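What follows is a set of notes on a single structure, which appears directly below.
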Amino acid sequence: MKKIYLLLIGLAFSIGLSAQTLQEARAMFREGNYQQSMPVFEKELKRKPKDASLNYWYGVCVYRLEDKQKAVSYLNIAEKGRIKEASYLLAEAAFERRAFKTCLRHIDQ
């Protein structure tokens, strides 16, 4: 019986650590908790694939946690939506793959 209580407490605690709403995910994102906010952004992005802000938030999570080149497609949508911060990450990703003209283009954005 004691094990069941501990299991339930542990489960309740772990549920509280991940973002449940977009507002919570944005707060975690601002704190640098990309791992916890990423699933919420991914879910919302499936509903609104052209939303520049969602693409930026999800792109940053992918950029920081997984693969910078995988994040480029999301960040490009964000940049087209006039989110300037996306341009900096795109420039950095281009610089790392030695695409200097592309890097300069993103910096000029």
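The C-alpha atoms of region 35-76 occupy a region whose extents along the principal axes are 23, 23, 12 Å, arranged from largest to smallest. Note on Lys80: aspartates and glutamates with a C-alpha under 15 Å away, same-chain residues under 8 apart excluded, are Asp51, Asp108. Under the rule a/c < 1.5 gives rounded, and otherwise a/b versus b/c splits prolate from oblate, where does region 62-109 land using the Cα gyration tensor? Note, shape of region 62-109 comes out oblate.
Other residues with beta-carbon under 9 Å from the beta-carbon of His106 carry, at +1 per Lys or Arg and -1 per Asp or Glu, a net charge of -2. Name the trypsin sites (Lys or Arg not before Pro) in region 45-109 that are in a loop by DSSP and that have at most 14 other C-beta atoms within 10 Å, would you? Of the trypsin sites (Lys or Arg not before Pro), the ones in loops of region 45-109 whose Cβ has at most 14 other Cβ atoms within 10 Å are Lys50, Arg82, Arg97, Arg98.
Neighbours of Tyr63, meaning other residues whose beta-carbon lies under 9 angstrom from its beta-carbon, give a summed charge of 0 when Lys and Arg score +1 and Asp and Glu score -1. In straight-distance terms, cross-link reach from Lys48 covers every one of the aspartates and glutamates whose alpha-carbon lies under 17 Å from its own, apart from those fewer than eight places away in the same chain; here that gives Glu79.
Bear in mind that the values in this text are calculations on the coordinates, not laboratory data. None of these values were measured; they are calculated from a predicted model. Neighbour counts are summed over all protein chains in view; Cβ atoms, including those assigned to glycine, are modelled from backbone coordinates with ideal geometry.
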